[in-house]
Amino acid sequence: MQFIVDVIKALAWPAAIVAIVVFLRRPIVDILMQLASGLRRLRSGQSDAEFDRIVSQTKAELTATVSARGPSPAMPVLLRFAAVAEDDPASAIGQAYGAVEEALRSLLGSSGKLLPVASGDPTAVARFARDQGLVPESIVRAVDGVVTLRNTVTADPARATREHAVTFLALVDALLFAITTQREWSVAGPPQIA
C-alpha cells in the first residue's frame, strides 16, 4: 500500500503541471508570442515593427475572407517575382503590387462592372468593388494593408530586405487568391452543399 502512495506522490506534481499546461495552453502561447514579438521589435527597430504589425493585420483580414468562403481552386503563385526578390527586394514588391489592381479590375470586368475613372490606386478600385457588392470589407482592408506596405518600401527602398519581399509576395499571393475566389463566386455563385 505504501508503494502506491509513494507512486501517487511522485506523479502528483508532474500530472498537475501537465494538467495546467493543457488547460492554459492558449494563454501560455499568447504570452510567449507577445514576448517573442516584443523581442523582435527591440532587435529590428521601429520600421520593422511597423512592417510586421501591418503584415499581421493584413494576414488576419485575408484569413477571415478565405475562411468565410471555404475551399477553392489552387492559389495563384507569384514565382516570377521570387528571383527578383533575391536581387532587388524593392523591385519585387513594386512589381507584385501591380498584380493587385489588375486582379481587382479583372473581378470588376467579369461581373460586368466598369470602373468609372482610371485609377492607379488599388484601394480605390477595391472600395468600388465593395460598393458594387463584389468583395467584402476585409478585402478592402487587406488591399489597404498591401498598399501601405508598398508605400513604406517606396519611401525607403534601401531598407527592403529579402524577407520583406518574400512576406509581401506571400501576402499578395493570398490577396490574389481571395480576389480570384470572389471573382469565381460572382460569376458562378457560391458552391452548393449537397
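So which residues in the stretch 122-138 are polar (S, T, N, Q) and in a loop (DSSP other than H, G, I, E, B)? Break it down stepwise before answering.
In the first step, residues of the stretch 122-138 are kept if they are polar (S, T, N, Q); the result is 123, 132, 138.
Listed by number, the list holds a single entry, 132.
This table checks each residue for (1) crowded, with 21+ Cβ neighbours inside 10 Å; (2) more than 17 Å from residue 61 (Cα to Cα); (3) modelled with pLDDT of 85 or more.
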{"site": "84", "(1), (2), (3)": "no, yes, no"}
{"site": "120", "(1), (2), (3)": "no, yes, no"}
{"site": "146", "(1), (2), (3)": "yes, no, yes"}
{"site": "180", "(1), (2), (3)": "no, no, no"}
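Taking the stated definitions as given, is residue 60 modelled with pLDDT under 75 and small (Gly, Ala, Ser)?
Judged against the criteria, residue 60 is a match.
May I ask you to say which residue of 126, 142, 158 is among the small types (Gly, Ala, Ser) and surrounded by fewer than 18 Cβ atoms within 10 Å (Cβ to Cβ)?
The conditions single out 158.
Any idea which residue in the stretch 88-105 is farthest from residue 155 (Cα to Cα), counting only those that are open to solvent by 50 Å² or more (accessible area, probe 1.4 Å) and in a helix (DSSP H, G or I)?
105
The values are calculated or read from the model by the stated rules, or taken from the named source; none is laboratory data. The structure presented is a predicted model; accordingly, all values stated were derived computationally and were not measured. Neighbour counts run over all protein chains shown; Cβ positions are idealised from the backbone, glycine included. For the accessible areas, the whole protein counts, side chains as well, though only heavy atoms, and no ligand, DNA or RNA atoms are used. Shrake-Rupley method; radii C 1.70, N 1.55, O 1.52, S 1.80 Å.
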